[in-house]
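The block underneath contains the structure these notes are about, expressed in structure tokens.
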Amino acid sequence: MSITPVPNKGLVVDLDSYVRLKTDRNGPDFWFIEYQRILRTELAPFLPRMVYDADTNSVTASIVDKGKEKLQDSVPATKNFTNVPPNELRKLREVLGDFLQKISELPATSNVRRLGEVLTLPDPNKAPELYRLSGVGMNKKLSIIWGIAPKDASGLEDSAAMVSIRELLHMLPAPKKSIIIPKKWILAGLGALVAALGIGYFLCCNGDECPAQDNTATPGTVTNGTVTNGTVTNGTVTNGTVTNGTVTNGTVTNGTATNGTATNGTATNGTATNGTATNGTVTNGTVTNGTVTPGAVSNGTVSNGTVSNGTVSNGTVSNGTVSNGTVSNSTSTTTQQVPVGNLAISDMNCPCIVTIVRQEPRADGTHNITLNFQPRQGITINSIKLNNNAISPGEITLRRVSPSTRPLRLDVTYDNGSQYTNTIKLMNSPE
């Protein structure tokens with residue numbers, strides 16, 4: 001089979017049956033780490049994480065929720081999406097429409113706009129196996145296996161089986177229209193309801209006065225549901241979605257808060273977009289154009305935002321600031337003056353993650369610095385050279401380095417022979 005479920009891993013797609021799409025003729029694929037981050041953020045939650053394996057010429061698609069991989073038990077969507085819950089189709093329409101509107105307002109030089117304009121997705125009627133449903137009943141979630149195209153008879157990309165984002169939006173089934181009930185039927189039904197309530201009152205209360213009912217909307221809990229354009233105060237939303245609303249002093253778990261604010265609460269395995277998390281924690285999620293103030297971001301991404309007095313672990317901070325905190329096992333594209341022994345790489349397109357393992361100050365003012373070189377996710381490294389000396393992925397110790405040491409030249413050959421060259425700068429401590 002060309003698509004194989006693998007326990008605890010996801011769906012492995014054999015690329016002997018599909019073509020791995022490129023962003024342009026000589027460019028990287030759509031799964032390049034920065035491109036994947038952009039597209040998965042913009043089209044969340046429908047695009048799974050894609051990891052390419054050059055050794056087996058396959059790609060693994062996975063979605064992990066509460067520590068469990070979901071796509072391994074998924075089934076294909078049917079043509080015309082007849083087995084997809086209406087709520088999932090509504091969310092897909094909204095996500096695609098919002099993305100098209102956003103890129104239309106961006107400058108032509110924007111990377112986000114360029115990716116949105118060249119990205120194609122499978123035609124759901126010609127490649128329905130690439131649209132996957134996980135979960136049961138009305139809680140089924142839709143995912144799209146992306147970045148690949150079916151092959152035609154000659155082994156090339158079958159462009160007829162691919163559609164643009166706009167074309168996919170137009171192909172989605174229209175929302176079902178509401179049924180209009182004649183006014184006289186409504187009046188008749190209300191009369192019957194009033195009569196039934198009167199009988200029920202007599203039977204339940206034996207003709208005596210029944211206790212007063214409290215119809216006040218009190219702080220409560222929404223479970224497995226959706227709150228749209230509303231507010232949840234001092235409550236909890238579990239496995240649901242809050243859109244254009246506010247959650248105050250509460251918790252959003254395994255859900256998405258879009259264009260809203262989570263204050264003094266916790267967002268776990270979710271996304272806060274254009275919002276603020278104050279005195280809270282974002283775990284396994286993304287904060288875009290927002291602020292996390294004293295808190296922690298684990299295994300996530302902060303773009304164009306600020307983390308103050310907190311920690312970012314195993315994530316990325318782009319064009320932002322981390323104050324009085326720690327960035328661990330991650331890359332920051334903001335170049336600042338940093339102490340000797342720390343690194344500043346000016347380009348996130350580096351196919352390697354370069355981290356500092358340890359630094360040993362010497363009496364003469366120099367340092368011995370041990371670096372670790374690892375390929376980024378989905379990248380196959382063919383060779384690494386540091387100052388024209390070949391090294392292997394792993395640790396390497398630089399001896400007697402100081403701020404006066406000239407920048408170290410990094411040359412990497414990766415994937416299908418692509419070349420990357422940049423410098424590693426050792427910088428003075430701030431005054």
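What to note about this one:
- For first residues located in the stretch 349-363 and farther than 19 Å from Ile38 by Cα and touching a residue at least 60 places away in the same chain (Cβ under 8 Å), partners that are assigned to a loop (DSSP other than H, G, I, E, B) and β-branched (Val, Ile, Thr) and lie 6+ apart or on another chain with Cβ distances below 8 Å form the pairs Val354/Ile345.
- Screening the stretch 131-180 for residues that are within 23 Å of the chain's Cα centre (by Cα), small (Gly, Ala, Ser) and not in a strand (DSSP E or B) and picking the one that is farthest from Leu115 (Cα to Cα) gives Gly135.
- Residues that are exposed (fewer than 14 other Cβ atoms within 10 Å of the Cβ), over 22 Å from Gly147 (Cα atoms) and of a type outside the set (Val, Ile, Thr) within the stretch 396-418 comprise Arg399, Arg400, Ser404, Arg406, Pro407, listed in sequence order.
- Checked against the criterion of being modelled with pLDDT of 90 or more, part of a helix (DSSP H, G or I) and either in the same structural domain as Ser159 (by TED's automatic domain parsing) or not β-branched (Val, Ile, Thr) (or both), the stretch 60-71 has at least one qualifying residue.
- Residue selected from the stretch 72-84 under the condition touching a strand residue (DSSP E or B) at 6+ places or on another chain (Cβ under 8 Å) and in a loop (DSSP other than H, G, I, E, B), by the criterion surrounded by the most Cβ atoms within 10 Å (Cβ to Cβ): Ser74
- Residue match in the stretch 103-110 (condition: assigned by TED's automatic domain parsing to the domain that holds Arg37, surrounded by fewer than 14 Cβ atoms within 10 Å (Cβ to Cβ) and in contact (Cβ under 8 Å) with a residue 12 or more places away in the chain): no
- Meets criteria (outside any strand (DSSP E or B) and under 26 Å from Cys350 (Cβ atoms)) for Arg37: yes
- Residue count for the stretch 15-34, restricted to those that are more than 18 Å from Ser143 (Cβ to Cβ) and part of a strand (DSSP E or B): 4
The values are calculated or read from the model by the stated rules, or taken from the named source; none is laboratory data. Just so it is clear, the structure is predicted and the values come from calculations on it, not from any experiment. Reconstructed Cβ throughout: ideal geometry from the backbone, glycine too, with neighbour counts over all protein chains shown.
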